[in-house]
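Participant: First the structure, which I've put down as structure tokens, then a few questions once you've had a look.
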Amino acid sequence: MSLSIDTDPSSLVAGSQGGMVNDEGDPLVLPIGPITRSRAKRYGAAISLFVQAQITQELHDAAFNKCCEELEGIPRLLMLLVACEVEALH
């Protein structure tokens, strides 16, 4: 899991106070200028949500991959059952 911070200057525009403001509203981009308590809380909350979403996605991916691995053997089992059924009919 890697955290990338948008440092592309093209996504930044000059704000009304002369500071740089992220034009896309990405809460994971640190604001330019003084970090107030309010900004720190919002940024901390955004990072926490991002980390929680990443962990949830990784757990989902791991569970999905495990299910896929378990299902790989199903076609062979079905072929074996069909073969046994056909053999029993003869």
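Participant: With label points built 7 Å along Cα→Cβ from the Cα atoms of Arg39 and Gln52, find their separation and express it in nm.
Facilitator: Spacing of the two 7 Å Cα→Cβ label points: 2.4 nm.
Participant: Order by neighbour count: Val51, Val86, Val29, fewest other Cβ atoms within 10 Å first, most last.
Facilitator: Lowest to highest Cβ neighbour count: Val86, Val51, Val29.
Participant: With a point put 7 Å past each Cα toward its Cβ, work out how far Ala62 is from Asp26 in nm, to one decimal.
Facilitator: Rounded to a tenth, the inter-label distance reads 2.7 nm.
Where a number appears in this text, it was derived from the coordinates with a stated rule and is not lab data. Given the structure is predicted, the values throughout are model-derived calculations rather than measurements. Neighbour counts are summed over all protein chains in view; Cβ atoms, including those assigned to glycine, are modelled from backbone coordinates with ideal geometry.
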